[in-house]
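Heads up, the thing below is written out as structure tokens.
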Amino acid sequence: MANIAKIFASRTQSMLQAAARQPQVATRFSRSASTAGNWEFIKTDITGEKKNVGVITLNRPKALNALCNGLMKEISIALQQFSKDKNIAAIVLTGSEKAFAAGADIKEMLPNTYSQCIQGNFLNDWVEVARTQKPIIAAVNGYALGGGCELAMMCDIIYAGDKAKFGQPEIALGTIPGAGGTQRLTRVVGKSKAMEMCLTGNMISAQEAEKLGLASKVVPADQLLAEAIKLAEKIGTHSSLIVQLCKESVNTAYETTLQEGLKFERRTFHATFSTADRKEGMTAFAEKRPANFTNE
Ligand code: CAA
């Protein structure tokens, strides 16, 4: 009980910290980046039959969607906007047919010094993706390399086009992955494969990524976005309140011991019994009718 209380307390504290950060983020970005619909490095769209799917498309084709600071800031702002929008049930993050993203922007970071990285907390803007409470589906066509692979892994589900390629080639640049490549990849594919990928820089195919559990589905490249949107719409048929709790519980598996994770899951399961949507879901089943969730 003490441990579970600790997990809840630390979750609550990080949620409060995230909330406290919001106004600063908005102020910090307001001069350098765009407001909705007026982006430099991305495109955003709201789609799906119920208009409940937010789509963020990386849009820096000449640099294969290299993740420059401006692009990552725009992704953060777009995610915050979709997070605040009650009509958005899930988000799809995608790139172009040639590249989801070819990594952090090598030319931009080339002059960085160690002290600049430390003092500027380089890559800190990227954490917004993993912090988002709504489900994010990465729809990966083409290259997902370095930070591109890490960005996809920060999302909740990866769908891959059949020509997608994943890799952590930082080693060839004289550096190492810096946004989760040695950590998230290892947890997903295991030590041997992660070590092989990080130490050689070799890419793996979409089919291998699926085999390893990195991607949950491979589809023909031209159907990728439609399939990812369909998946987001399916998630959107459920209670967004319960979806959020479920996402948090799955993510807890990556952040704690099995015993603590199981306790967190059990308590979260119990907590669903305080919601109107749990009651509605079970009543609808018993009455043989579709559930009408109110997200409460
Ligand atoms: N940063 C900056 N620019 C990049 C880039 C990157 N990561 N990847 C590609 N580009 C640019 C190229 O410089 C080129 O620009 P110019 O036309 O102005 O020269 C343009 O995109 C097209 O690239 P290529 O001509 O190289 O295209 P290609 O089809 O021959 O090769 C590729 C494609 C194999 C993806 C190759 O571009 C490549 O190896 N890119 C770098 C991949 C990489 O090392 N990623 C890791 C970055 S470090 C990192 O991400 C750190 C971290 O953990 C956060």
task: Considering only protein heavy atoms, with the full assembly of protein chains and a 1.4 angstrom probe, order Tyr114, Tyr143 by accessible area, largest first.
output: Tyr114, Tyr143
message: Rounded to the nearest 20 debye, what is the charge dipole size of the chain about its Cα centre when +1 sits on each Lys and Arg Cβ and -1 on each Asp and Glu Cβ?
response: 500 debye
- prompt: Given only helices, namely DSSP H runs of n ≥ 4 each adding -39500 (n - 2.57), what is the per-residue ellipticity at 222 nm of the chain, to the nearest 500 deg cm²/dmol?
  reply: -15000 deg cm²/dmol
query: Can you give the FRET efficiency for Glu40 and Gln81, using 1/(1 + (r/R0)^6), R0 = 25 Å, r = Cβ-Cβ distance, to the nearest 0.05?
result: 0.95
task: Enter the accessible area per residue of the chain (Å², integer; probe 1.4 Å; all protein chains in place).
output: 54 Å²
message: Going by Cα centres, the stretch 176-231 and the stretch 53-90 are how many Å apart?
response: 20 Å
task: For Lys165, enumerate residues with amide H under 5 Å from its amide H, sequence gap 5+ or separate chain, H modeled in the peptide plane.
output: Gly142, Tyr143, Ala144
message: What do you get for trypsin sites (Lys or Arg not before Pro) in the stretch 77-139 restricted to DSSP loop and a cutoff of at most 15 other Cβ within 10 Å of the site's Cβ?
response: Lys86, Lys98
task: Could you tell me how many degrees, from 0 to 90 and to the nearest 10, lie between the Cα long axis of helix 276-286 and the main elongation axis, the longest principal axis, of the Cα atoms of the chain?
output: 70 degrees
- request: Treat every Asp and Glu Cβ in the stretch 115-256 as -1 and every Lys and Arg Cβ as +1, leave all other atoms uncharged, and give the resulting dipole magnitude about the Cα centre to the nearest 20 debye.
  value: 220 debye
task: Note down the accessible area of Val218, probe 1.4 Å, to the nearest 10 Å².
output: 40 Å²
message: Expected output is a single nm value to one decimal: the length gained when fully extending between Lys234 and Arg266, i.e. 0.36 nm times separation in residues minus the C-alpha distance. What is it?
response: 9.0 nm
- request: Have a look at the DSSP beta bridges in the chain and tell me what percent are antiparallel, nearest 5.
  value: 25 percent
message: From the phi angles alone, apply the Karplus equation (6.51, -1.76, 1.60; θ = phi - 60°) to the stretch 217-224 and give each ³J(HN,Hα) in whole Hz, x where the residue is Gly or Pro.
response: 7, 10, 9, x, 3, 6, 9, 4
message: List the aspartates and glutamates whose Cα sits under 13 Å from the Cα of Lys98, skipping any in the same chain fewer than 8 residues away.
response: Asp162, Asp222
query: Where the accessible area of the chain is counted over protein heavy atoms with a 1.4 Å probe, how much of it, in %, is carbon and sulfur?
result: 56 percent
message: Beyond 30 Å, how much of the Cα-Cα pair distribution for the chain remains, as a whole percent?
response: 34 percent
query: Quick one: helix 191-200 against the long Cα principal axis of the chain, what's the angle to the nearest 10°, folded into 0 to 90?
result: 30 degrees
query: What ranking of Arg60, Arg187 comes out by heavy-atom accessible area, probe 1.4 Å, highest first?
result: Arg187, Arg60
Volume per residue that the Cα convex hull of the stretch 240-286 spans, once the total is divided by residue count, Å³: 69 Å³
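The values are calculated or read from the model by the stated rules, or taken from the named source; none is laboratory data. It should be emphasised that the depicted structure is a prediction, and the values quoted were computed from it without experimental measurement. Neighbour counts run over all protein chains shown; Cβ positions are idealised from the backbone, glycine included. In case anyone asks, the SASA skips ligands and DNA or RNA and just uses the protein heavy atoms, side chains included. Shrake-Rupley method; radii C 1.70, N 1.55, O 1.52, S 1.80 Å.
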